[in-house]
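Following: one structure in structure tokens, then a few remarks.
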Amino acid sequence: MALRIVVDTNVFVSVFQFGGRIGGVLDLALQGAVEICVSQPIVDELSGVLRQKFHWSAERAGAAAETLLQVCRLVDPHEALKLCRDPDDDRVLECALAASAEVIVSGDRDLLVLGAFRGTPIMSPRLFLDSVLWKR
């Protein structure tokens, strides 16, 4: 059975904008080793960041969002949280709850400093990839 994870928007931005080793997170999903769960707010944030910060066209950002939806399972969070300084971080935690995620993967220091959320470990992409590859 695949490991169920939630990936923070900043990781997806890095995958689509810069590629590199961090893209291995999506590769693991394509191989069936992990099931990445996303929520619509995460997909919308990805599209917005790519357009606003990296000046992607609406079409290109939409294609990235569509790719994400093809690779990931869309979940619908039902619990609204107000725990984090940045509301976008709350959206990641909400998605993790809705997905019953086993791991949260994030490059966000505000989330990483938590170490875990309601028993779900929060790991950097590098630590996550190293731990998954080590177990294979």
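The values are calculated or read from the model by the stated rules, or taken from the named source; none is laboratory data. Model, not experiment: these values are computed from the prediction. Please note: Cβ atoms are built from the backbone with ideal geometry, for glycine as well, and neighbour counts cover all protein chains shown.
Here are the numbers:
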| item | result |
| --- | --- |
| Options V49, V43, V105, V38; residue that is crowded, with 17+ Cβ neighbours inside 10 Å, closer than 19 Å to D130 by Cβ, at pLDDT 95 or above and not charged (D, E, K, R) | V105 |
| Matching residues, the range 73-87, being buried (at least 18 other Cβ atoms within 10 Å of the Cβ) and touching an Asp or Glu at 6+ places or on another chain (Cβ under 8 Å) | P77 |
| Which numbered condition C84 fails, given (1) at pLDDT 95 or above; (2) more than 21 Å from F16 (Cα to Cα) | (1) |
| Any hit, the range 11-20, residues being touching a residue at least 60 places away in the same chain (Cβ under 8 Å) and within 24 Å of E94 (Cα to Cα) | yes |
| Flag if V7 is touching a strand residue (DSSP E or B) at 6+ places or on another chain (Cβ under 8 Å), within 19 Å of R118 (Cα to Cα) and aliphatic (A, V, I, L, M) | yes |
| Yes/no for I5 being in a helix (DSSP H, G or I), in contact (Cβ under 8 Å) with a residue 24 or more places away in the chain and either of a type in the set (S, T, Y) or buried (at least 21 other Cβ atoms within 10 Å of the Cβ) (or both) | no |
